[in-house]
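Comments concern the structure below.
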Ligand SMILES: Nc1ncnc2c1ncn2[C@@H]1O[C@H](COP(=O)(O)OP(=O)(O)O)[C@@H](O)[C@H]1O
Ligand SMILES: [Mg+2]
C-alpha cells in the first residue's frame with residue numbers, strides 16, 4: 001500500500017506541487033476578554049517556519065495550541081505582534097492555508113468525493129475539479145470509496161478524506177489540529193506514513209498540534225513545546241541554549257539545535273522568550289521517517305515528556321502480582 005502511494009505520489013508531484021509557505025510569527029500575544037477580565041493565552045510567541053518544514057506543537061491542554069493554529073490560519077487575530085505568510089497576511093478561507101481537525105467534519109449527506117471537492121478553490125472549472133478530486137482520492141488511497149457516504153467508511157478513511165479536502169486547494173501551509181487524535185493506534189501509525197507520503201507529493205509547510213510526543217518525534221523537523229501561562233502547578237523550567245551530546249544522560253533537558261559539531265551530534269534549544277508561551281523549540285535529529293526506537297531520540301522523548309509534566313514515564317517492571 002505504502003509503495004503504491006509513493007509511486008502515485010511521484011507521478012502526482014509535477015502536477016500538484018504548490019509552493020510551500022514561509023511563516024513568521026513575531027511577538028504574538030492573544031488575550032481574550034473574559035468575565036473576570038482579560039486573559040492572556042499566548043504571549044511572546046516568536047517562531048519562523050521554513051518552507052516545507054514539518055513542525056509539531058505540543059503542550060498541556062488549554063495552553064493555546066489551537067489558538068495558535070487559528071491565528072496562523074487567519075481565523076483569529078493576534079492582540080499584539082504579527083503573523084505573516086510569505087510576507088503577507090494569512091486570511092481565512094483564502095488558498096494559502098488549510099486546516100484539518102481531530103474530527104473529520106465531513107458533510108454526511110455528501111459522498112467522500114464530493115466532500116473532498118468542497119476544499120477546491122472557488123471557481124475551479126468542473127473538468128479540473130474532477131481531475132483534481134481523482135488525484136486526491138488516489139493520494140490518500142480512497143479511490144475505491146469515492147461514492148460512499150462518511151457513515152459508510154471507517155474513522156481512518158474519513159480522516160483521510162478530511163486531509164484530502166484540506167489539500168484540495170494546494171495550501172502553502174497545512175495546519176493540523178490533533179489530526180490523528182481520535183484514531184486507533186494502528187490506524188494512527190498508518191496515517192503517519194501517509195502524511196509523510198503526502199508531504200513528499202505536496203511538500204507544503206505543515207504545523208501539527210499533537211499530544212503524542214512519539215508522533216511529534218516521528219514526523220516533525222522541529223517540536224515547539226508550549227507552556228500554559230495559567231498553570232496552577234509549577235511547570236518545569238529548562239536551561240536555555242545548553243549544548244549537550246545526544247545520548248548523554250546528564251544532558252536531559254537540553255535539546256534541539258540544528259548543527260552538528262564534531263563527531264557526536266550536538267544539540268541545543270533554540271532560545272525562546274523566557275516568560276513567553278514557547279517553553280522550547282527543539283530540532284529533532286535525523287531525517288524523516290525516523291526509527292521509532294532510535295536511541296538518539298530517547299533523551300529527547302524523556303525530556304519532552306518531562307516538559308509536559310509526565311515524569312514517571314520510564315518502564316517500571318511489573319510486580320509478580322501485576323504480572324500474573
Ligand atoms: N474565543 C475565546 N474566548 C475566550 N477564551 C478562549 C477563546 N478561545 C480559546 N480560549 C481559551 O484559551 C485557552 C487556550 O485554548 P486552546 O487554544 O483551545 O487550548 P489547547 O488547544 O492548547 O488545548 C483556553 O483556556 C480557552 O478556554
Ligand atoms: Mg486544542
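Computed from the coordinates by the stated procedures, all read-outs in this text should not be read as laboratory data. Remember, it's a predicted structure, so these values are computed and weren't measured experimentally. Here the Cβ is made from the backbone with ideal geometry for all residues, glycine too, and neighbour counts use every protein chain on show.
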Handout entry: Taking only Cα atoms of the stretch 162-225, radius of gyration then Dmax in Å
Key = 11.3, 30
Practice task
For residue 128 and residue 214, calculate 0.36 nm times their separation in residues minus their Cα-Cα distance, and state this gained length in nm to one decimal.
Solution key: 27.1 nm
Practice task
Take the alpha-carbon centre of the stretch 60-79, take the same for the stretch 126-187, and report the distance between them in whole Å.
Solution key: 24
Exercise for the section: At 0.36 nm per residue, minus the direct Cα-Cα distance, what do residue 80 and residue 184 gain on full extension? Give it in nm, one decimal, please. Expected result: 33.5 nm
Completion exercise
Per the rule of 0.36 nm per residue minus the C-alpha distance, extending residue 103 to residue 61 adds in nm 13.4 nm
Practice task
Express the C-alpha Rg of the stretch 43-109 as a ratio against the empirical globular expectation 2.2 N^0.38 Å, rounded to two decimals.
Solution key: 1.22
Exercise for the section: Measure off 7 Å from each Cα along the Cα-to-Cβ vector at residue 290 and residue 152, then give the distance between these two points in nanometres to one decimal. Expected result: 4.1
